[in-house]
1. When you scan the range 139-160, do you find a residue that is within 11 Å of ligand 1 (Cβ to nearest atom) and surrounded by 15 or more Cβ atoms within 10 Å (Cβ to Cβ), even just one?
2. Residue 72 passes all but one of (1) touching a residue at least 12 places away in the same chain (Cβ under 8 Å); (2) more than 19 Å from residue 36 (Cα to Cα); (3) out of contact with any Gly (no Cβ under 8 Å at 6 or more places or on another chain); which number fails?
3. Could you tell me how many of the residues in the range 52-74 are touching a Lys or Arg at 6+ places or on another chain (Cβ under 7 Å) and surrounded by fewer than 17 Cβ atoms within 10 Å (Cβ to Cβ)?
4. Residue check: is residue 98 assigned to a loop (DSSP other than H, G, I, E, B) and among the β-branched types (Val, Ile, Thr)?
5. Sort through 12, 56 and tell me the only one that's at pLDDT 95 or above and either within 16 Å of ligand 2 (Cβ to nearest atom) or of a type in the set (Gly, Ala, Ser) (or both).
6. If you go through the range 21-38 one residue at a time, do you hit one that is buried (at least 16 other Cβ atoms within 10 Å of the Cβ), assigned to a loop (DSSP other than H, G, I, E, B) and of a type in the set (S, T, N, Q)?
7. Quick one: residue 276 ticks every box in (1) within 27 Å of residue 159 (Cβ to Cβ); (2) among the charged types (D, E, K, R); (3) modelled with pLDDT of 95 or more bar one, so which box is it?
Amino acid sequence: MSWTDLAKNGRILVVDDAMENIQILHHALREEHDVLFALSGEKALEIANQQQPDLILLDAVMPGMDGYEVCAALRASPRARDIPVIFVTALTHPEDETRALEAGAVDFISKPFNVAVVRARVRTQLTVKRQADAMRELTLTDALTGVANRRSFNETIDSEWRRCMRAHVSLSVILMDIDHFKLYNDAYGHQAGDACLQQVSAAMKRCAMRPSDLLARYGGEEFVLLLPQEEQEGAERVARRILDEVSALHIEHRSSSVSHHVTVSMGSASMKPGPESSPELLIRSADTLLYQAKASGRNRYLA
Ligand code: GH3
Ligand code: MG
Ligand code: MG
Ligand code: MG
């Protein structure tokens with residue numbers, strides 16, 4: 001990707017069974033946007049799921065899957081359902097337009113179209129999409145630490161649970177709690193406490209290696225790390241690394257009875273999704289172990 005691509009405003013997938021239609025739209029949009037294309041509905045779904053464009057311009061009449069079917073399939077796909085769709089079609093009847101909007105399209109452009117109008121409508125939808133993405137990001141992020149919040153964790157553990165169930169693999173969680181954090185606040189002040197939370201969560205994040213791992217702030221000074229497709233042993237390796245990383249921060253904590261530095265306690269649990277298990281049970285197991293880690297001296301993990 002060159003710097004000019006980076007400077008472009010959004011990535012658009014153009015779907016049409018006629019190459020000349022794709023060329024016209026490509027020509028109209030390429031200066032401002034990154035343009036991908038697909039010559040069939042099936043191919044469009046594949047690209048939408050893999051590359052997650054910011055907007056799709058969709059032909060209605062195509063052999064194989066038509067635009068309406070593509071639109072319905074996009075809405076049903078977790079990875080593609082938030083991508084806005086504009087129909088661009090030779091169909092002009094109000095009923096066709098209604099059907100497109102009912103299928104989930106955000107706009108409908110009839111051919112022949114005016115290029116300037118297409119550009120303007122595309123820009124509008126990209127702006128709306130950007131705002132929606134930013135809003136979603138805000139609702140899923142913890143403001144202090146920048147890691148995922150509990151709402152995001154709850155959404156993710158449910159979907160990863162289902163994914164691991166289909167794949168017949170385990171998933172693990174590590175529940176983590178800063179030791180004697182109340183005393184830390186009392187000794188160093190609330191602002192220093194906030195900075196400590198930021199440093200500790202950043203250290204935890206460095207230990208989450210895979211793209212599907214998710215670190216979230218679970219509550220005040222409590223964090224949770226979700227490790228999809230990870231067995232007990234892998235989770236223990238990560239927990240050990242977290243102990244080391246947090247200890248290597250060397251954040252002074254003179255009133256802690258554990259160490260003169262900030263430490264964490266952890267409980268980690270792993271499960272293979274099945275009828276006897278649930279995400280709630282997984283978290284409860286980790287929580288019980290965290291409690292025991294606290295009771296048996298802190299600055300350790302139990303699995
Ligand atoms: P333990 O080792 O048993 O976990 O003891 P603790 O003191 O860490 O646990 P406790 O639950 O008694 O206290 C948690 C403290 O975390 C109290 C609360 O003021 C502090 N805390 C929670 N959220 C924040 C925050 O956002 N910023 C700061 N500075 N402190 C916070
Ligand atoms: Mg067509
Ligand atoms: Mg604590
Ligand atoms: Mg706590």
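1. Yes, the range 139-160 contains at least one residue that is within 11 Å of ligand 1 (Cβ to nearest atom) and surrounded by 15 or more Cβ atoms within 10 Å (Cβ to Cβ).
2. Only one criterion is unmet by residue 72, namely (3).
3. 1
4. Taking the combined requirement at face value, the residue does not satisfy it.
5. Going through 12, 56 in turn, the sole match is 56.
6. No - not one qualifying residue is present in the range 21-38.
7. Of (1) within 27 Å of residue 159 (Cβ to Cβ); (2) among the charged types (D, E, K, R); (3) modelled with pLDDT of 95 or more, only one is false for residue 276: (3).
Here's the yes/no breakdown for (1) surrounded by fewer than 19 Cβ atoms within 10 Å (Cβ to Cβ); (2) basic (Lys, Arg); (3) over 14 Å from residue 267 (Cα atoms); (4) within 11 Å of ligand 3 (Cβ to nearest atom):
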{"position": "176", "(1), (2), (3), (4)": "no, no, no, yes"}
{"position": "180", "(1), (2), (3), (4)": "no, no, yes, yes"}
{"position": "196", "(1), (2), (3), (4)": "no, no, yes, no"}
{"position": "199", "(1), (2), (3), (4)": "yes, no, yes, no"}
{"position": "209", "(1), (2), (3), (4)": "yes, no, yes, no"}
{"position": "218", "(1), (2), (3), (4)": "no, no, no, no"}
{"position": "226", "(1), (2), (3), (4)": "no, no, no, no"}
{"position": "230", "(1), (2), (3), (4)": "no, no, yes, no"}
{"position": "239", "(1), (2), (3), (4)": "no, no, no, no"}
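The values are calculated or read from the model by the stated rules, or taken from the named source; none is laboratory data. Because the structure is a prediction, the values reported are computed rather than measured. Using ideal geometry, Cβ is built from the backbone for each residue, glycine included, and neighbour counts are taken over all protein chains shown.
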